[in-house]
Amino acid sequence: MPANSDTTPSRVLAVNVSQRWSEVEKGTSSEADVVLGDWSPWRGGSTSKMLFDPDEIAVVVACRRGQAMAVYDVVPNDEGRRWDWVGNGPRRRIVFYGQPSSRYDATRSAPAPTWKRGEGTPVKLLDLDVLLEGTAPPDNSARHVVLGEAVVRSDGGRRLTVSVPPGYSVTVHTRTDPADRSN
């Protein structure tokens, strides 16, 4: 079993918070408790085969109805631990230590993994390079639109940022200003 080794964190744990997000909205649980809270690392009903190595998790993304609700970087606590076991017995769960991510905050605007009704596990593993880098704008002047798997964000001025998953290409055409056309 993993034991907080020197593994370089390079994975994202997408967690389904649909059942618990109302606790955040009501104020009965903190966002961090719901996002970083006890997650089962076990594959299916196993108590010996792990679905993921907690030492590889760099970021936890809270997903609800296809939207990323929160993004947390997994960081060491005061004792240098990035996660701990909670509970007793063979079906122990994992709780991560983390803080809201400024590096991947733009991911909150992007489509998130979804779960089908009855799907057995509330977690999914992703590669770190699928997250959108960059911070969200400080005010509401910025706008964004999701087109398929791309996110186009406007800063309210003359700047557009386009984020696409790995493997996609982007072509940009600058239109001619109608006032500059001479006929």
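The values are calculated or read from the model by the stated rules, or taken from the named source; none is laboratory data. Quick caveat: nothing in here was measured; it's all calculated off a predicted structure. Glycine gets a Cβ as well: all are built from the backbone with ideal geometry, and neighbour counts include every protein chain shown. Remember, those area values only see protein heavy atoms, side chains included, never the ligands or the DNA or RNA. Shrake-Rupley method; radii C 1.70, N 1.55, O 1.52, S 1.80 Å.
In the stretch 101-170, which strands (runs of 3 or more DSSP E) lie fully inside it and hold 1 or more residues that are open to solvent by 40 Å² or more (accessible area, probe 1.4 Å) and modelled with pLDDT under 75?
143-147, 150-154
Based on what the data block shows, is residue 97 open to solvent by 40 Å² or more (accessible area, probe 1.4 Å), among the hydroxyl-bearing types (Ser, Thr, Tyr) and touching a residue at least 40 places away in the same chain (Cβ under 8 Å)?
Spelling it out, residue 97 is indeed open to solvent by 40 Å² or more (accessible area, probe 1.4 Å), among the hydroxyl-bearing types (Ser, Thr, Tyr) and touching a residue at least 40 places away in the same chain (Cβ under 8 Å).
Could you figure out which of (1) in contact with a Lys or Arg (Cβ under 9 Å, 6 or more places away or on another chain); (2) open to solvent by 70 Å² or more (accessible area, probe 1.4 Å); (3) within 22 Å of residue 129 (Cα to Cα) isn't true of residue 75?
(2)
Are any residues in the stretch 49-72 touching a residue at least 12 places away in the same chain (Cβ under 8 Å) and either over 13 Å from the mean Cα position of the chain (by Cα) or open to solvent by 20 Å² or more (accessible area, probe 1.4 Å) (or both), and if so, which ones?
Of everything in the stretch 49-72, those that are touching a residue at least 12 places away in the same chain (Cβ under 8 Å) and either over 13 Å from the mean Cα position of the chain (by Cα) or open to solvent by 20 Å² or more (accessible area, probe 1.4 Å) (or both) turn out to be 50, 51, 52, 53, 54, 55, 56, 64, 65, 66, 67, 69.
Could you list, in sequence order, the residues of the stretch 50-95 that are more than 20 Å from residue 113 (Cα to Cα) and assigned to a strand (DSSP E or B)?
The answer is 50, 83, 84, 85, 86, 93, 94, 95.
Can you tell me which residues in the stretch 18-49 are among the basic types (Lys, Arg) and within 20 Å of residue 113 (Cα to Cα)?
20, 43
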